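Shown next, in structure tokens, is the structure this report addresses.
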Amino acid sequence: MNRRPGPLPSQLERALSDVGTKIQVPRAPDLAASVRSRLESQTARRGPIPAPRLALVAAVLLIAVLGGAFLFSSSAREAVAGWLGIRGVDIVEDAPTPAPTHPDAGLPLGRRSSLEEARKLVPFEIALPAAPGLGRPDEVYVAETAYGGRSVSLVYRADHSLPSAAGTGVGLLVTEFEAGLRDDLMQKVRTAGVEVEPVRVGTSSAYWISGEPHLVLLLDPSGNVIEDRTRLAGDTLLWERGRVSLRLESGLGKGRALRIARSMRAP
Amino acid sequence: MGDRPLDDAELIERAAGGDMHAYEGLVGSYQGIAHRTAYLLTGSSADAEDAAQEAFVKAFYALPRFRPGAPFRPWLLKIVAREAISRRRVAGRTERLNLRLTEVRLSGGAVPSPEAAALRDEDRRELLAAVGRLGERDRLIITCRYWLDLSEAETAEVLGCARGTVKSRLSRALGRLRAAMPADRIDSPTATGGGPGQ
């Protein structure tokens with residue numbers, strides 16, 4: 001056999017393409033009828049099909065928010081109307097706050113990873129804060145989201161310049177997830193004593209949520225709400241960067257949280 | 001990248017609004033590639049049919065979260081691949097994948113393509129068997145690039161990874177494939193840049 005180093009594509013690649021044309025694949029069945037009957041039987045069981053279903057969920061959330069409107073400042077109430085427009089993120093009022101989590105118990109952020117590995121695992125560029133004293137996180141986690149996407153969480157441990165935050169027990173927690181895929185719809189359940197303030201990060205709409213700890217909620221692809229009962233979030237800044245939604249939790253207060261958010265860059 | 005964007009975009013929008021007839025149109029257009037993908041990943045026609053069907057059902061419910069204007073094919077195939085792989089996993093099938101070649105003989109008068117000339121049937125069987133011995137991730141990326149002819153961008157979407165990492169992942173998969181081949185079979189040029197995987 002020849003042993004000359006072939007040009008791209010390699011001999012192996014050409015061989016693979018060739019084999020691909022010769023693999024025996026059974027004739028594709030006609031799936032339209034079976035898919036339709038599956039959908040119809042599921043619809044009968046599960047209620048309306050996607051758009052109406054989502055609209056219903058959104059409506060329920062909106063009613064829940066407006067029901068608790070007396071708790072909102074007027075600027076927050078205005079924000080609510082725009083809220084459902086921010087991809088993947090909602091805030092609603094709900095039942096009493098469960099007991100806060102203990103920081104020592106560890107945060108349910110997914111699988112421990114490294115920054116390098118995480119960059120390969122998520123389909124978006126991971127942004128890092130460029131604010132002084134930050135930069136590379138102490139710990140990185142990658143989690144599967146409700147619908148097959150992935151989120152990455154950057155943990156900065158508490159130290160003299162980063163106070164430990166109420167909800168997380170760490171100095172700074174940044175979670176990034178792809179809302180552009182709409183795999184994730186993340187909501188926070190609002191309770192009495194939670195302030196919601198619309199702010200801006202660069203040109204993007206952002207929301208500063210402060211006060212009492214609030215629940216973190218996820219929506220699965222069928223529109224079912226999954227409660228993340230494992231922890232409560234403290235002061236949180238939520239914003240979008242391209243098709244990625246970011247959540248920053250810290251005990252730093254609004255001003256510094258915003259400065260950090262504005263410093264975030266993808267390499 | 002985007003195949004038939006206008007038609008699809010319209011069908012997707014209608015289907016996302018609950019129009020099942022529109023969705024049937026999408027199923028009709030994509031069932032071939034969906035089934036082929038599922039079969040190449042499971043090696044079983046029953047599993048492939050189940051996985052493709054389930055994927056279409058899940059995709060329907062996920063449509064409201066489909067990014068308008070994005071290419072539909074890789075988005076769908078990502079769901080198909082996940083269904084196919086998990087079906088194999090749930091069934092506890094850990095033995096190597098058993099794909100077979102069609103029995104096509106070159107007739108006497110046919111002029112073989114350069115690839116066909118370079119590759120004997122025995123080589124093809126060896127190569128196919130070696131791919132079947134690879135891990136899921138390696139098989140998935142090889143299936144996407146060489147057997148489904150997906151672009152790098154489409155492959156990234158199916159794999160759920162950054163576009164920039166497709167090349168390096170592929171190069172590592174090819175390295176492991178070379179290592180899984182009998183030494184005297186496919187020549188192992190280092191042209192893809194990855195070299196044999198460690």
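FYI, it's all coordinate maths here, none of it is from the lab. On a predicted model such as this, the values are computed, not experimentally measured, just so you know. Glycine also receives a Cβ, built like all others from the backbone with ideal geometry; neighbour counts cover every protein chain displayed.
Quick look at the numbers
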quantity	calculated
Computed E for A:GLU116/A:ASP159 - FRET, C-beta separation, R0 22 angstrom, nearest 0.05	0.40
Spin-label model distance (nm) - B:SER171 vs B:ARG67, 7 Å beyond Cα toward Cβ	2.6 nm
Cα-derived Rg over Rh, computed across the range B:1-62 with Rh taken as Kirkwood radius	1.01
Environment charge of A:GLU117, counting only residues whose C-beta is closer than 13 Å and scoring Lys/Arg +1, Asp/Glu -1	+4
Subset of B:LYS78/B:LYS167; A:LYS22/B:LYS78; A:LYS254/B:LYS167 violating a 30 Å alpha-carbon distance limit	A:LYS254/B:LYS167
